[in-house]
Amino acid sequence: MKEERQGTEEKETNYDGIKPGQSLKRAISFEGDEVGRGKEITYCEMQREVRRLQSALHRLGVKKGTVVSIYLPMVTELIVAMLACVQLGAVHSVIFSGFSARALAERLRESGSEFLITQNVSQRGGKEKRLIETVISALGAGTFVKKVLLVNSEKKIRNGTFSRTATIFFCQDFGYDKADEIKNVAVDPEDPLFILFTSGSTGKPKGVVHRRKGYMEHVEESYRQIFGILEGDVHFCTADIGWITGHSYGVYGPLSNGVTTILYQGTPTYPDPGRLWRIIDEHNVTSFYTSPTALRTLMKADSTYVEKASLESLRVLGTVGEALDPVTWRWFFEKIGHGRCPIKNTWWQTETGGALMCPDPASAMKKPGCVGKPLFGVEPVLMGASGPIKKPGEKGELCLKNSWIGRCIGIWNDPDYFNKAYFAQYEGLFTTGDMAMRDEDGDYWILGRTDDVLNVSGHRLDSAEMEKAVLLHPNVAEACVVGFPHDVKGQGIFVFAVPKNAEAEGQKEQIQEIKNQMRKEIGAIATPDGVLLVDDLPKTRSGKIVRRFLRKITNGDDLEQEDTTMLLNEEVLKPITEQMKRWFALTACGA
Ligand code: WTA
């Protein structure tokens, strides 16, 4: 496999921005979806690719401050496109390539972006997806995009056949010569570096904006604190770059430290569940950063896949994005780390830019699931009903005092929302939306969200946004979406829908249609694990659906202790609970 890689012998060149000795070093080791389809890119080659794309973007009219949307799968051109934007002082907005046309269109509209970088086809898990078709229908849904630059794509689409409003350009048409060289643009440290959309609970994606200097310094320094750096380090972050983990610890963290980053296009289980372990061995990976969901999926697979791997090169393991349960922690520690690698279960958010909490060396070897202590300059405060909690062991709402270097500047196009959503609840404190507890040793434990944000396979999803998708079904009158415990994904998605016509034939078909509807409107990540058609939903006297009770029902909690008198229709809880029990019984026996 190694022989098939296209490594290039490169003479050391004094490109600016490259640290001494780095230009011959591998920046990206790309591992394609299909086994054997890989390539190595040195820092020097990466610099050249960035200059080339920077030049193309410049000729298309991208300037300092221009928002450039990027809708690409996990290919080297994605990293190159991000860095080209950085060099031009432009603001990149990477949109997860698993999002549907509607979700893509909404994010394009929200950012006001006139430029989009994409490619024809993406491949993942042995399946091809015509990304371009999603792009065409997104642009048809009304966006401000005027120019689309296709990278990595054959010229099968003719200019003009693409969309009535946007013009298409092919990257290969922009040759590059020295004369095109663009001087790097002068930028202010406080200028925006990128926008990344994440979910709140308002039904609308939030464009979190990070600034150039603070973000970069935070990820560079925190990368060193979490993973350490030694000569020859190879870092493997399995998160898609469409999410913040991929931005911070797949791209900027390792590259700003001159480390080689592995860019893997495929899924953990393709062609079999031994793929990640083989990548670790083939590339001598030293730090491996992943999600508990990926680990739980691989833990269920035949153990010989892990046993066949050496995993000797590993020095540090890490997880992020969702709670790391003790069973998964132990398996990761023993089977992957062979009892010698610390597990850095980091806690942070899209808004925080980089990690804010991480276990110290001792806790990382022996405390399954804790997220450890605050990193530099981070001051957590746990808020209880009567103010800050001082005593160990008590639960509170996790807030942050003062600021920290990588904090986002705000929400794109909505400065008021930032203050209202994050600072209004407790004076002078940033509210994270997570519940937490501090133990006797000063280590923190994350206990789940306080709001209606779901965390499915470590991906944040907005219940209101999903409800909007369900309501698009012609026979749905009302909908409510809640999270419930799922043994692989951490949280599963459960939909309660009230049909307009309860007598309508084909309940099974309707349930399937609702599932398809959510995939179509948001993407495969929003496929519900369960749907119940119910007669009514619990509502307050003012007609607001009370998600809390439905969450309790899907969690199998007892409602006896709850005060349900504020409901207009208390009587609906009993039949829904009965239906839910039947659903659990049916799914338990695999129906
Ligand atoms: C959750 C991902 C438990 C948390 C970097 C947070 C975690 C949300 C952990 C942010 C962890 C993140 N243990 N829960 N180690 N890390 N979370 O913005 O609820 O996609 O608020 O950023 O994920 O998700 P986001």
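The values are calculated or read from the model by the stated rules, or taken from the named source; none is laboratory data. This is a predicted model, so every value here is computed, not measured. Using ideal geometry, Cβ is built from the backbone for each residue, glycine included, and neighbour counts are taken over all protein chains shown.
Being under 27 Å from residue 458 (Cα atoms) and in contact with a His (Cβ under 7 Å, 6 or more places away or on another chain): is that true of residue 553 here? Here the answer is no, as residue 553 does not meet what is asked. If I filter region 297-306 for residues that are over 21 Å from residue 228 (Cβ atoms), crowded, with 22+ Cβ neighbours inside 10 Å and within 20 Å of the chain's Cα centre (by Cα), do I get at least one hit? Yes, because at least one residue in region 297-306 is over 21 Å from residue 228 (Cβ atoms), crowded, with 22+ Cβ neighbours inside 10 Å and within 20 Å of the chain's Cα centre (by Cα). Looking across region 544-565, the residues that are surrounded by 12 or more Cβ atoms within 10 Å (Cβ to Cβ) and over 30 Å from the mean Cα position of the chain (by Cα) come down to 559, 562, 564.
Let's see how each residue does on (1) in contact with a helix residue (DSSP H, G or I) (Cβ under 8 Å, 6 or more places away or on another chain); (2) within 12 Å of the ligand (Cβ to nearest atom); (3) among the hydrophobic types (A, V, I, L, M, F, W, C):
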{"site": "423", "(1), (2), (3)": "no, no, yes"}
{"site": "439", "(1), (2), (3)": "no, no, no"}
{"site": "442", "(1), (2), (3)": "no, no, no"}
{"site": "449", "(1), (2), (3)": "no, yes, no"}
{"site": "458", "(1), (2), (3)": "yes, yes, no"}
{"site": "465", "(1), (2), (3)": "no, no, no"}
{"site": "479", "(1), (2), (3)": "yes, no, yes"}
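Counting only strands (runs of 3 or more DSSP E) that sit wholly inside region 426-467, not one has at least 2 residues that are at pLDDT below 95 and hydroxyl-bearing (Ser, Thr, Tyr). So for region 526-543 (the condition being crowded, with 19+ Cβ neighbours inside 10 Å, within 16 Å of the ligand (Cβ to nearest atom) and under 30 Å from residue 348 (Cβ atoms)), does at least one residue qualify? Yes: region 526-543 contains one or more residues that are crowded, with 19+ Cβ neighbours inside 10 Å, within 16 Å of the ligand (Cβ to nearest atom) and under 30 Å from residue 348 (Cβ atoms). Pairs meeting the criteria (first residue in region 312-337 and modelled with pLDDT of 95 or more, second residue among the basic types (Lys, Arg) and near the ligand (Cβ under 10 Å from one of its atoms), beta carbons under 6 Å, at least 6 apart or on different chains) are 318/344. Taken over region 529-585, residues that are among the aromatic types (Phe, Trp, Tyr) and either in contact with a helix residue (DSSP H, G or I) (Cβ under 8 Å, 6 or more places away or on another chain) or modelled with pLDDT of 95 or more (or both) amount to 1. Residues considered: 80, 62. Of these, the only one that is closer than 20 Å to residue 256 by Cβ, at pLDDT 95 or above and not in a strand (DSSP E or B) is 80. Of the residues making up region 517-546, those that are in a loop (DSSP other than H, G, I, E, B) and within 18 Å of residue 575 (Cα to Cα) are 534, 535, 536, 537, 538, 546. Consider region 109-124 and keep the residues that are assigned to a loop (DSSP other than H, G, I, E, B) and modelled with pLDDT under 95. The one that is surrounded by the fewest Cβ atoms within 10 Å (Cβ to Cβ) is 121.
From the list 307, 282, 231, the one residue that fits, being more than 19 Å from residue 83 (Cβ to Cβ) and at pLDDT below 95, is 231. Assessment of region 101-108 against the conditions (at pLDDT 95 or above, within 24 Å of the chain's Cα centre (by Cα) and assigned to a loop (DSSP other than H, G, I, E, B)) yields no matching residue.
Do the conditions hold for residue 470, that is, is it in contact (Cβ under 8 Å) with a residue 24 or more places away in the chain, part of a helix (DSSP H, G or I) and either aliphatic (A, V, I, L, M) or within 13 Å of the ligand (Cβ to nearest atom) (or both)? So residue 470 passes the test.
Please find, within region 20-45, the residue that is surrounded by the fewest Cβ atoms within 10 Å (Cβ to Cβ) out of those that are at pLDDT 95 or above and among the hydrophobic types (A, V, I, L, M, F, W, C). Residue satisfying both the conditions and the ranking: 30. Annotation note: of 135, 151, the sole residue that is at pLDDT 90 or above and either of a type in the set (Ser, Thr, Tyr) or under 19 Å from residue 55 (Cβ atoms) (or both) is 151.
For region 310-323, filtered to residues that are under 23 Å from the mean Cα position of the chain (by Cα) and either polar (S, T, N, Q) or within 6 Å of the ligand (Cβ to nearest atom) (or both), the residue that is surrounded by the fewest Cβ atoms within 10 Å (Cβ to Cβ) is 323.
Say whether the condition of being assigned to a loop (DSSP other than H, G, I, E, B), within 13 Å of the ligand (Cβ to nearest atom) and either out of contact with any Leu (no Cβ under 8 Å at 6 or more places or on another chain) or of a type in the set (Val, Ile, Thr) (or both) is met by at least one residue in region 408-416. Yes.
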